[in-house]
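The values are calculated or read from the model by the stated rules, or taken from the named source; none is laboratory data. These numbers come from a predicted model, not from an experiment. Cβ atoms come from the backbone with ideal geometry, glycine included; neighbour counts cover every protein chain shown.
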Amino acid sequence: MTARLNEFQQPIGFDLTGWTAAKQPEKTTLSGHFCRLERLNVAQHAEELYEAFQDSPDGRHWTYLPYGPFHSSDEYREFLLTMEGLSDPFHYAVIDRSTNKAVGTVSLMRIDTANGVIEIGHVVYSPRMQRTPLSTEVMAMLSKYVFEELGYRRLEWKCDSLNEPSRAAAQRFGFTFEGIFRQLQVTQGRNRDTAWFALLDSEYDAIKSAYQAWLEPNNFDEFGHQIRKLSDMTPR
């Protein structure tokens, strides 16, 4: 691509004439075939979420998070109460439509409407939704909401650089790795180098098509196992 030059013959970025700020997330329920995303509500979701997390044999799913594991339902409820009313992070409960129960949480965060940048974070999935179509459908619904309805230009994914499952998930979902920010945070008394990934609005249509194709019923066998991998469908 040929660089644009200003009147001083300096290279400048591509034109954004007509750009308008993105919108804030609203208390809108996002519905799919396998699951739906509801605004986190402690009274409705806390007990179901805590029960779902009890399916884990240990606390390994909380290792890279700045909170947890929680040792009682009351402790977890108190934590959720601090999250429930926040506008950033904006927390959702993931509802499994087959049981109509909450099985995980996810949020939109670091919301920068002026520049059109937003991040998916606080991804905490119970064993009831791990390695199921639900996690991919969550990404399909959130990316559609972010790009098509709220008007963002950039969707980010960040994780501890040592969290290999999260890094693999970001790339499986079509995000591009952008580098490591060293010594960015202190998490539970430990250093955290943070891996950055992003998906741009110009890349979204191809990723959307991959999500749709992967979620088609004919991509699953009689036991619910995928036939084609999402990573084989997303462009590189």
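For Phe177, the conditions (1) over 25 Å from Thr29 (Cα atoms); (2) in a helix (DSSP H, G or I) all hold with the exception of (2).
Between Leu86, Leu155, Leu80, the distinction of being within 22 Å of Glu26 (Cβ to Cβ), part of a strand (DSSP E or B) and either at pLDDT 95 or above or of a type outside the set (Ser, Thr, Tyr) (or both) belongs to Leu155 only.
When the criteria are applied in full, His61 fails the requirement of being closer than 26 Å to Val146 by Cβ and modelled with pLDDT of 95 or more. For region 177-199, filtered to residues that are among the aliphatic types (A, V, I, L, M) and surrounded by 17 or more Cβ atoms within 10 Å (Cβ to Cβ), the residue that is farthest from the chain's Cα centre (by Cα) is Ala195. Working only within region 147-176, note down all residues that are surrounded by fewer than 19 Cβ atoms within 10 Å (Cβ to Cβ) and of a type in the set (S, T, N, Q). Of everything in region 147-176, those that are surrounded by fewer than 19 Cβ atoms within 10 Å (Cβ to Cβ) and of a type in the set (S, T, N, Q) turn out to be Asn163, Ser166, Gln171, Thr176.
Determine whether Ser202 is part of a helix (DSSP H, G or I), of a type in the set (Gly, Ala, Ser) and exposed (fewer than 12 other Cβ atoms within 10 Å of the Cβ). Here the answer is yes, as Ser202 does meet what is asked. Identify, please: which residue in region 112-127 is crowded, with 19+ Cβ neighbours inside 10 Å and over 17 Å from Ala170 (Cβ atoms) and is, among those, modelled with the highest pLDDT? Among residues in region 112-127 that are crowded, with 19+ Cβ neighbours inside 10 Å and over 17 Å from Ala170 (Cβ atoms), the one modelled with the highest pLDDT is Gly116.
Residues are listed down the side, and each one gets a yes or a no for (1) under 17 Å from the mean Cα position of the chain (by Cα); (2) closer than 30 Å to Asp201 by Cβ:
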position	(1), (2)
Leu37	yes, yes
Leu49	no, no
Tyr67	no, no
Ser73	no, no
Thr82	no, no
Arg97	no, yes
Gly104	yes, yes
Leu108	yes, yes
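Might you check whether a residue that is hydroxyl-bearing (Ser, Thr, Tyr) and assigned to a loop (DSSP other than H, G, I, E, B) occurs anywhere in region 34-55? No, the conditions are met nowhere in region 34-55. Of all residues in region 1-33, those being more than 19 Å from Ala140 (Cβ to Cβ), free of Cβ contacts under 8 Å to residues at least 40 places away in the same chain, among the β-branched types (Val, Ile, Thr) and not in a strand (DSSP E or B) number 2. Scanning region 205-236 for residues that are buried (at least 17 other Cβ atoms within 10 Å of the Cβ), under 25 Å from Ala22 (Cα atoms) and in contact (Cβ under 8 Å) with a residue 60 or more places away in the chain turns up Ile207, Tyr211.
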